[in-house]
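The values are calculated or read from the model by the stated rules, or taken from the named source; none is laboratory data. As the structure is a computational prediction, the values presented were derived from the model and not from experiment. Here Cβ is always computed from backbone atoms with ideal geometry, including for glycine, and neighbour counts include all displayed protein chains.
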Amino acid sequence: MSPSADDQRLRDLARLRRVRDRIDRDYAQPLDVAALAREAHMSAGHLSREFKRAFGESPYSYLMTRRIERAMALLRRGDLSVTEVCFAVGCSSLGTFSTRFTELVGVPPSVYRRRARSTEGLPTVVVKQATRPVRNREAPARDVHLA
């Protein structure tokens, strides 16, 4: 790469990190790739391609993973219904939320919530490690047990 190409790549990486940071911070807000791309001064297609190249998944997939991670914490807490958790993490469709949750975690949110009760008393770090979502539809097809 030429020095100017290297400089451009570094600028693009800085913009991609800002997009990722925005997703991490504002995951519960309505976010879409087109709006994130405008803020990063890129086209939506370019943002998606470069984000995936830099971080291994699309911006939408990254956003949904953040939302599911937060949903898992709220479901473990046990004081909100699945529907309340869905809306609390920024999802507007219970069906999409449940489908994506099941893809990433391996069980539906209602089952996860019910099983999370059995982890009471375990250190949080153990529960988080055992229940970490898997990315890109890699959740095991088998029945996952939390405890």
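Every residue in segment 24-33 that is within 12 Å of TYR60 (Cα to Cα) and surrounded by 13 or more Cβ atoms within 10 Å (Cβ to Cβ), please.
If the condition is that a residue be within 12 Å of TYR60 (Cα to Cα) and surrounded by 13 or more Cβ atoms within 10 Å (Cβ to Cβ), then TYR27, LEU31, VAL33 are the ones that fit.
Among the residues of segment 80-116, what is the count of those that are outside any helix (DSSP H, G or I) and of a type in the set (Lys, Arg)?
Of the residues in that region, 0 qualify.
Would you point out which residue out of GLU84, GLU120, GLU57 is of a type in the set (D, E, K, R), loosely packed, with under 13 Cβ neighbours inside 10 Å and modelled with pLDDT of 95 or more?
Matching residue, one of GLU84, GLU120, GLU57: GLU84.
Of everything in segment 39-79 that's assigned to a helix (DSSP H, G or I) and among the polar types (S, T, N, Q), which residue is farthest from ARG115 (Cα to Cα)?
The selected residue is SER48.
Results for (1) in the same structural domain as ARG9 (by TED's automatic domain parsing); (2) touching a residue at least 24 places away in the same chain (Cβ under 8 Å); (3) out of contact with any strand residue (DSSP E or B) (no Cβ under 6 Å at 6 or more places or on another chain), shown as yes or no for each residue.
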residue	(1), (2), (3)
ALA37	yes, no, yes
PHE87	no, no, yes
SER92	no, yes, yes
THR99	no, no, yes
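Assess whether GLN29 counts as being among the polar types (S, T, N, Q) and assigned to a loop (DSSP other than H, G, I, E, B).
Answer is yes for this residue.
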